[in-house]
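This report concerns only the one structure given below.
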Amino acid sequence: MRDRYTDKIIPSVTSLLGSIQDVGRDPRRGGYSRPVFSTAELDLRGWFATEAERRGLPVETDRNGILWAWWGQPQEGALVTGSHLDSVPGGGAFDGPLGVASALAAVDILRSRGVEPRRSLAIAVFPEEEGSRFGVACLGSRLLTGEIDPDKARNLRDADGTTFAEAARANGLDPELLGRDGQALARIGDFVELHVEQGRGLGDGGPAVAVGGSVLGHGRWRMSITGQGNHAGTTAMADRADPMVAAAQIILAVQQAASGVEGARATVGRIEPVPGGTNVIASRVDLWLDARHPQDAAALDLVDTIHGKAQKIAAFEGCTVSLSRESWTGTTDFDAELRRSLELSLPGAPVLPTGAGHDAGILAGHVPAGMLFVRNPTGISHSPEEYVEEADADAGAAVLADVLQDLL
Ligand code: HGY
Ligand code: MN
Ligand code: MN
């Protein structure tokens with residue numbers, strides 16, 4: 001792409017993303033599966049370090065596994081941009097990597113303009129933003145800010161039973177050092193995350209980039225429904241306490257309860273019968289509820305309603321149900337002053353709320369944080385159909401460069 005001020009050729013965001021397009025492809029689900037510390041995510045970390053060092057930005061990994069690429073000395077009050085590289089199972093190519101690639105392209109653009117930063121600039125890459133492996137979204141930024149207890153984080157387990165402490169140690173971190181990092185936090189004077197839009201707020205035509213206004217409150221709860229495991233062929237229908245039958249009714253109850261609350265969203269996207277045999281009546285079913293609402297109390301009330309319905313359904317089916325909260329972040333407005341600065345850099349750009357959680361949403365409770373969203377013509381995300389046109393991706397990087405230049 002050509003920079004509009006210098007007319008110099010800059011590696012396009014699309015070409016940067018093209019160099020990782022085969023990393024972590026998921027042949028079964030389609031799209032990408034890049035859980036934290038998997039081979040795929042480690043390859044992406046390597047790609048980022050190579051691209052950053054190629055630009056003269058030394059990369060360091062902090063005690064929470066966050067990558068920091070520095071233009072200038074690490075210092076308090078620096079300007080930080082970046083995003084994440086991990087994905088949901090079968091995710092798209094842009095959720096996370098677009099923000100990282102755009103940050104690298106923005107550095108190229110600023111260099112081509114001869115910008116000499118008056119304060120250091122860093123590109124940060126946060127681990128486990130999706131919470132796909134260890135269950136807690138934005139785990140890296142929650143650790144950095146102290147929003148999760150380090151012991152709870154250390155003991156999180158993935159589907160194979162590996163703890164986050166074990167995975168962290170296997171990847172060169174000292175699990176005992178996980179937790180709030182005041183020095184790293186002090187280095188963030190402002191944080192700006194560019195992200196693919198997850199929705200259609202930008203529509204067609206018009207500006208390709210919007211300013212983030214707020215992040216919808218969002219939480220995750222695990223429900224375990226316990227029944228009586230038995231043989232599928234020798235157990236009469238009247239003699240069953242089948243947790244799968246209870247789960248089916250509970251999932252329907254989730255959809256009905258959320259549909260009745262204006263602005264609410266509730267989803268069961270993951271269900272795991274135990275033991276999970278075709279000819280076996282399950283003994284237990286675990287399912288995960290994702291619930292969100294602009295008003296925190298409404299989200300929590302909705303979960304209470306769902307829990308009450310689940311208990312009645314389970315009892316009717318001769319089962320029991322337990323509910324435990326795995327993560328929660330209330331609705332967060334981005335820093336007003338930083339948002340105004342972003343709006344000044346993007347005259348006429350819409351200001352959009354987002355229903356998706358982001359590291360910027362966690363950081364916003366601790367440092368001035370803001371977001372930019374780049375048009376996704378499908379509006380679809382957490383799916384292989386997530387998309388960004390090349391011209392819009394390059395427009396996003398150019399706007400990010402403008403914003404960083406104004407803030408530098
Ligand atoms: O779940 C979310 O909203 C985010 O994509 N982690
Ligand atoms: Mn994301
Ligand atoms: Mn996501």
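The values are calculated or read from the model by the stated rules, or taken from the named source; none is laboratory data. Just so it is clear, the model here is predicted, and its values are computed rather than measured. Please note: Cβ atoms are built from the backbone with ideal geometry, for glycine as well, and neighbour counts cover all protein chains shown. All accessible areas refer to the heavy atoms of the entire protein, side chains included, with ligands and DNA or RNA removed. Shrake-Rupley method; radii C 1.70, N 1.55, O 1.52, S 1.80 Å.
Taking every protein chain into account, the accessible area of the chain amounts to 41 square angstrom per residue (probe 1.4 Å).
Determine, from the Cβ-Cβ distance of Asp239 and Asp160 and an R0 of 41 Å, the FRET efficiency 1/(1 + (r/R0)^6), rounded to the nearest 0.05. Could you put the intermediate results ahead of the total?
Numbers: r = 34 Å, r/R0 = 0.84.
That pair, Asp239 with Asp160, gives E of 0.75.
Taking each residue as 0.36 nm, the span from Ile271 to Ser224 lengthens on full extension beyond its C-alpha to C-alpha distance by 15.9 nm.
Note on exposure: Tyr5, Tyr387 ranked by accessible area (1.4 Å probe, complete protein assembly) read Tyr5, Tyr387, with the most exposed listed first. Comparing Gly361, Gly277, Gly217 in a Gaussian network model of the chain (Cα springs below 10 Å), the most mobile by mean-square fluctuation is Gly277. Placing pseudo-labels 7 Å out from each Cα toward the beta carbon at Leu42 and Gln311 gives an inter-label distance of 4.6 nm.
Using heavy atoms of the protein chains and a probe of 1.4 Å, the accessible area assigned to Glu197 is about 10 Å². Does anyone have the angle between helix 336-345 and the longest principal axis of the chain? Alpha-carbon axes, 0 to 90°, nearest 10? Once rounded, the angle reads 50 degrees.
Full extension of the chain segment joining Gln255 with Thr320 gains 21.3 nm, where the gain is 0.36 nm per residue of separation less the Cα-Cα distance. When nucleic acids and ligands are ignored and a 1.4 Å probe is applied, Trp70 ends up with an accessible area of around 10 Å². Just to be sure I understand the curve: with the Debye formula and one point per C-alpha of the chain, what is log10 I(q)/I(0) at q = 0.07, 0.08, 0.13 Å⁻¹? Ignoring solvent entirely, the Cα scatterers give -0.34, -0.44, -1.09. Ranking Arg2, Arg118 from most to least accessible surface, computed with a 1.4 Å probe over the protein chains only, gives Arg118, Arg2.
Length gained on full extension, Arg54 to Glu385: 116.0 nm, using 0.36 nm per residue less the C-alpha separation.
Amide H contacts of Ile188 (H built 1.01 Å from N, in plane; Pro and chain starts excluded): Gly77, Ala78 sit under 5 Å, all sequence-distant by 5 or more or on other chains.
Panel values: segment 218-329, Kirkwood radius from alpha carbon pairs, Stokes-Einstein at 25 °C and 0.890 mPa s, translational diffusion coefficient 172 µm²/s.
GNM remark for the chain: springs join alpha carbons under 10 Å apart, and the peak mean-square fluctuation among Asp160, Asp286, Asp149 falls on Asp160. What is the log10 of I(q)/I(0) for segment 157-272, computed with the Debye formula using one identical point scatterer on each Cα and no solvent, at q = 0.20 Å⁻¹? At q = 0.20 Å⁻¹ the computed log10 ratios are -1.18.
Could you please state how large a percent of the accessible area of the chain is carbon and sulfur, counting protein chains only and using a 1.4 Å probe? Present the calculation step by step, with values, prior to reporting the outcome.
On the way: 8200 of 16720 Å².
Roughly 49 percent, rounded to a whole number.
List the trypsin sites (Lys or Arg not before Pro) in segment 276-310 that DSSP assigns to loop (not H, G, I, E or B) and whose Cβ has at most 12 other Cβ atoms within 10 Å. Which are they? Nothing satisfies the criteria. Among Asp26, Asp296, Asp239, which one moves the most in a GNM of the chain with springs linking Cα atoms closer than 10 Å? Highest fluctuation of the listed residues: Asp239. Seen against the Cα atoms of the chain and their longest principal axis, helix 243-259 is set at about 50 degrees. Sorting Thr145, Thr39, Thr267 on solvent-accessible area from highest to lowest, probe radius 1.4 Å, gives Thr39, Thr267, Thr145.
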